[in-house]
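Quick notes on the structure that follows.
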Amino acid sequence: MVDVNDKLAYFQAITGLEDPDLCVEILTAHGWDLELAISAFTTTTNHTPSPENPASGTTSTVPDGSGGGGLYSVSQRGEPSHPSGPSSNAVAPPGLAWKIITLPISVISGSLGLISGAIGLGLWAAGGVLSYSLGMIGIGSGRDGESSARLVSVSAVGNEAMQFVASFERDYGTRRPNFVSEGFMDALQRSRNSFKLMFVYLHSPDHPDTPLFCERTLCSETLVAFINENFVSWGGSIRASEGFKMSNSLKASRYPFCAVVMASTNQRIVLLQQVEGPKSPEEMLAILNRVVEESAPVLVAARLDAEERRNNIRLREEQDAAYRAALEADQARENQRREEQERLEREAAEAERKRLEEEEARERAAREAAEKEAALARMRQEKALSLGVEPEKGPNVTQVVVRFPTGERKERRFDSSAKIQTLYDYVDSLGCLDVENYSLVSNFPRVVYGPEKLLLSLKEAGLHPQASLFLELNS
């Protein structure tokens, strides 16, 4: 026995329904008989109007045609137009004999539905393989994550529509209603967006009345101009999958078959008029003109409602734009104020940093100067102590006079055995110079007592018994 999950998966694959709860309800209603459930899904479920209210109309379901498995409810408004004779009142339900006669037709219809489902399953499987292959090379999902299998299904109904248009032009010429080359639901959406009714033509190639109706009525110049001006047209052959499904959903019993539908709310499609059997151009024009006149208030109201929604959206967008502009201006001013404040804070911080650096530099300079002065004072004191007591005049005593660049002169006695270095120590101990790089020089003859003569004694240097030296600053 086939598993319940397998039945559910197979039913979803055949019907294209994505909602598992809806599939379970349909299968449960048919006792989990897979063939019966699929046949019921692909054939028409008629609801006969009650005798008390014959004008209440009928409802049926329309597959969305996109391969997604969605259903649209079709509400029939008014009485269908019949090919001959005046419109009758409520018709009695068919008898048992008629049911027996039509039973083979129902079986054939269900078989065709199974074949259509099998073809759909093949397309679904091929779409899955194609999706996987494209995914392997980086071309996987479409926008909003729609899979490639979904795209294959949409392409199938569009291909059917294009084949129908090409076949119709080949058989009856290019003067025809402008049938859109897209699926039924896409055409319905197009009619909704353009605030027009939708003219539906179901083509039965094998019906004997079809050629004459197409040539004399459907392709007549007056009717073509009226349909193209007031309707979005969609046509389909009942030999094709979507055309066959629409013939079941719209309860087409005679051909040629035309209908006028209008998109409604809550996934509902209003069936405004259906025309079955051959009609003259004048009759078709009168019927369609009446439907257009009756539906004009609804279309005008829908157009006004859409314009009001667009105006509201535009007004809201303008208000949002103005709010965003004001908000951006406020943010710009706040950013400018904050940037100015940050700039002032940075400048103040930089000025404070410079002040602290300058103060630290002054303190460091003063400290270094003090340290240097203290070092010089210690050096003078140490050199003064190293000179010892000035000796008294005697044969071994040398009298030395030192003249400074300022004109000042200093005089002192030294032992003749004292070194030239002693004279430098003497000058340093006086503290009369702020420089350290100088030389002691004699004029006649000019002798510079530089570093090479520091270890000579005064007597050896020729400065005994007396010498006059001047201090020369080195560059």
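The values are calculated or read from the model by the stated rules, or taken from the named source; none is laboratory data. Computed from a prediction, not measured in an experiment: that's the story for all the values here. Because the Cβ atoms are built from the backbone with ideal geometry, glycine has one as well, and the counts that use them run over all protein chains shown. SASA here: full protein model, heavy atoms, side chains in, ligands and nucleic acids out. Shrake-Rupley method; radii C 1.70, N 1.55, O 1.52, S 1.80 Å.
Key figures
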read-out: The lone exception for residue 467 - which of (1) part of a strand (DSSP E or B); (2) in contact with a helix residue (DSSP H, G or I) (Cβ under 7 Å, 6 or more places away or on another chain); (3) not polar (S, T, N, Q) it fails; value: (2)
read-out: Test for residue 283: is it charged (D, E, K, R), open to solvent by 80 Å² or more (accessible area, probe 1.4 Å) and under 30 Å from residue 253 (Cα atoms); value: yes
read-out: Qualifying residue in the range 167-175 (condition: within 16 Å of residue 260 (Cα to Cα), part of a helix (DSSP H, G or I), at pLDDT 90 or above and not small (Gly, Ala, Ser)); value: no
read-out: The range 189-212: number of residues that are open to solvent by 10 Å² or more (accessible area, probe 1.4 Å) and out of contact with any Leu (no Cβ under 6 Å at 6 or more places or on another chain); value: 15
read-out: Residue 377 being assigned to a helix (DSSP H, G or I), more than 60 Å from the chain's Cα centre (by Cα) and of a type in the set (A, V, I, L, M); value: yes
read-out: From the options 378, 409, 403, 413, residue that is open to solvent by 60 Å² or more (accessible area, probe 1.4 Å), without any contact (Cβ under 8 Å) to a residue 40 or more places away in the chain, assigned by the TED database to the domain that holds residue 440 and within 30 Å of residue 461 (Cα to Cα); value: 409
read-out: All positions within the range 320-343 that are open to solvent by 100 Å² or more (accessible area, probe 1.4 Å) and either touching a residue at least 40 places away in the same chain (Cβ under 8 Å) or under 23 Å from the mean Cα position of the chain (by Cα) (or both); value: 323, 324, 328
read-out: Hey, residue 295 modelled with pLDDT of 95 or more and among the hydroxyl-bearing types (Ser, Thr, Tyr) or not; value: no
read-out: Residue match in the range 421-437 (condition: in a helix (DSSP H, G or I), farther than 20 Å from residue 474 by Cβ and small (Gly, Ala, Ser)); value: no
read-out: Any hit, the range 225-237, residues being assigned to a loop (DSSP other than H, G, I, E, B) and open to solvent by 10 Å² or more (accessible area, probe 1.4 Å); value: no
read-out: Single unsatisfied condition, residue 369 versus (1) modelled with pLDDT of 90 or more; (2) closer than 30 Å to residue 472 by Cα; value: (1)
